[in-house]
Amino acid sequence: MQQSILLTILCLFFASCTSRFKPGYIIVSSDREDIPLEIYQIKQESPLQLTSEIIIYSNRKTAFEPGTYLILADCSHEQIVIRPGETAQLNLSAINFLPPTPPSEGDFFSVQCSRHNTGMFRQTIDKRFRLNVLGSPKNALISMTSTPLVQPQPGKVSTILLSAARVVSKNEGDGFYFVSSSNEKQAVTKGVKFGSWQFLMPGEYDISVNGTTVPMVLGPNESKTLETGYLEILSPANVDVDRIAKTRGYPYQIQLGHDHFLALNEKYPVLAGAFELHLDSSTQPLNVEIQINETKTIKLRSVEVDWGCAHDDIKCLGSGEIMLYKGDDHFPFVESISDIPVLFFGENIKVGISGSRNIKYNLSASESPFVLKTGRVILKPNIQQKNQYVTDLIRFEAGGPPTQGFSLDILPSWKPFTMTFIAGKYNFIQSSTKYGSDGERSLKTSTYVIHDGSKIEIEFPYLVSDGQYEKLLKTKPKNTKL
């Protein structure tokens, strides 16, 4: 009796063991053979724990240990339970992307998506125009456009019509163009060589080349081609533009578009059309229009103001402020520094410098580059309290072409101070008015020629009223003699 019971228990044990390790099967049906799929056994749901990856193929029956599995296809997944002795079957569907022109080497088409709700299953598919999907695929980034994927019928093939854009240039080796979606909140772009197609979802796009941008609307199965022109911006001959970076710490910059910078003396392919150039330190854009296959050459001019510094005096070099004016404008269109080439475009240009602001030097149209030398005037006011006369104006005026204008009024000072001038002839004007006499004035004019590197000292009386003198005494440094 006991032997019979033991035998029964052993039979039941071995039967259960046999059942426990009996495999189950899976087959993924598809219209194509041998499509690879990834499968993981799920050891724990939350947090998700998986075994190592195994590759299975469509239309092949594959045995697995019973359990719960995650199967990954393109931009999709399904979870399935495999039971002992049973065959689980799934249907693989397909999404075909149809380009409007046959793809070739160098063309771009990309699909980026997540196959599962965990970030570890991101997927990027390049230059493949068919997605093999399981279940319900989600959104995908198709060549920079966020697109909800269609739900194919099980075992069927769905078709999505693509569009195409490209940029061509006379010299296909010139570089790259970029395409971004006009409607996307994030600017996702991809650079592709000239002459190659980018296959895109139908929609609105911005095509960009070296800072020039052209909008483009693409319909299903539509392809469009843009052609380039060329732009080159040349610095004057014999101008050392490298000194710009050495003196101020960064190179000369030319901005095209919002954030694209061009270098001097290089030829750039650009999209045909009208656009704005922003030259270094200039507040006024330069409007440019370029036709297809046209080469537009912009020749810059140059002026440099030599501040009289030693070549190794870092504190002095670049310490002067330089302003360029157009015509009779009161406000400069370029603000830069001394001791570097200041590049500009156009004619009827005048130069002003700090230290003698409002006196301007006229640049001739025929000469470039210019190097303007400077000299110094050391002013020594002698403030005097007078009852009869009061100084009402002291300033410098240009002594004749090529300079014009006059300096700001010179104010009384207890200490000597220095003014810097572009080398040339200037008139020193002193004017005073007599108290109690309507309109009676005393005017004195002295002419000085300022040479390169010269230092001229001018000592002069500055006559003030009793009340003004008392106010000035409050600002007088303690160590200044009366």
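The values are calculated or read from the model by the stated rules, or taken from the named source; none is laboratory data. Just so we're clear, the structure is a prediction, and the values are computed from it rather than from any experiment. Ideal geometry is used to build each Cβ from the backbone, glycine not excepted, and the neighbour counts take in all protein chains shown. We work out accessible area using only protein heavy atoms, side chains counted, and drop any ligands, DNA or RNA first. Shrake-Rupley method; radii C 1.70, N 1.55, O 1.52, S 1.80 Å.
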Subject >> Residue that is open to solvent by less than 90 Å² (accessible area, probe 1.4 Å), within 30 Å of D306 (Cβ to Cβ) and modelled with pLDDT under 95, where the choices are G439, G453, G467 >> reply: G453
Original post:
Just for strands (runs of 3 or more DSSP E) wholly inside the stretch 1-76: which have at least 2 residues that are of a type outside the set (S, T, Y) and either under 52 Å from the mean Cα position of the chain (by Cα) or modelled with pLDDT under 90 (or both)?
Top reply: 36-44, 54-57, 67-73
Original post:
Looking only at strands (runs of 3 or more DSSP E) that fall completely inside the stretch 318-430, which ones have 2 or more residues that are among the charged types (D, E, K, R)?
Top reply: 321-326, 374-385, 389-398
Original post:
When you go through T391, T418 one by one, which is the residue that is closer than 27 Å to Q468 by Cβ and surrounded by fewer than 14 Cβ atoms within 10 Å (Cβ to Cβ)?
Top reply: T418
Subject >> Residue selected from the stretch 111-148 under the condition of a type in the set (A, V, I, L, M, F, W, C), open to solvent by 20 Å² or more (accessible area, probe 1.4 Å) and not in a helix (DSSP H, G or I), by the criterion farthest from I56 (Cα to Cα) >> reply: L141
Subject >> When residues of the stretch 149-168 are limited to those that are hydrophobic (A, V, I, L, M, F, W, C) and not in a strand (DSSP E or B), the one modelled with the highest pLDDT >> reply: L162
**OP:** Go through the stretch 338-366 and give me each residue that's of a type in the set (A, V, I, L, M) and in contact with a Lys or Arg (Cβ under 6 Å, 6 or more places away or on another chain).
**Re:** I340
Original post:
What number of residues within the stretch 294-317 are touching a Ser or Thr at 6+ places or on another chain (Cβ under 8 Å) and assigned to a loop (DSSP other than H, G, I, E, B)?
Top reply: 6
Subject >> Pairs with Cβ under 9 Å, 6+ apart, first in the stretch 141-159 and over 15 Å from D31 (Cα atoms), second at pLDDT below 85 and in a strand (DSSP E or B) >> reply: S143/K190; M144/K190
**OP:** State yes or no: is T374 over 40 Å from the mean Cα position of the chain (by Cα), open to solvent by less than 30 Å² (accessible area, probe 1.4 Å) and of a type in the set (S, T, N, Q)?
**Re:** no
Original post:
Taking the stretch 169-191 on its own, how many of its residues are part of a loop (DSSP other than H, G, I, E, B) and either at pLDDT 95 or above or among the β-branched types (V, I, T) (or both)?
Top reply: 2
Original post:
Taking the stretch 83-110 only, how many residues are open to solvent by 20 Å² or more (accessible area, probe 1.4 Å), acidic (D, E), touching a strand residue (DSSP E or B) at 6+ places or on another chain (Cβ under 8 Å) and under 29 Å from S196 (Cβ atoms)?
Top reply: 0
Original post:
Just one of E266, E276, E232 is open to solvent by 30 Å² or more (accessible area, probe 1.4 Å) and at pLDDT 95 or above; which is it?
Top reply: E232
Subject >> Cβ pairs under 9 Å, 6+ apart, first in the stretch 308-328 and under 30 Å from P285 (Cα atoms), second part of a loop (DSSP other than H, G, I, E, B) and among the basic types (K, R) >> reply: E321/R357; M323/R357
Subject >> Only one of I80, I71 that is surrounded by 17 or more Cβ atoms within 10 Å (Cβ to Cβ) and touching an Asp or Glu at 6+ places or on another chain (Cβ under 6 Å) >> reply: I71
Original post:
Within the stretch 192-225, how many residues turn out to be within 25 Å of H278 (Cβ to Cβ) and either assigned to a loop (DSSP other than H, G, I, E, B) or open to solvent by 20 Å² or more (accessible area, probe 1.4 Å) (or both)?
Top reply: 7
**OP:** Within the stretch 226-280, work out how many residues are over 30 Å from T101 (Cβ atoms), in a loop (DSSP other than H, G, I, E, B) and among the small types (G, A, S).
**Re:** 4
**OP:** Within the stretch 336-352, identify whether any single residue is touching a Cys at 6+ places or on another chain (Cβ under 9 Å), buried (at least 17 other Cβ atoms within 10 Å of the Cβ) and either without any contact (Cβ under 8 Å) to a residue 60 or more places away in the chain or not charged (D, E, K, R) (or both), and answer yes or no.
**Re:** yes
**OP:** Report whether or not G453 is in a loop (DSSP other than H, G, I, E, B) and on the phi > 0 side of the Ramachandran plot.
**Re:** yes
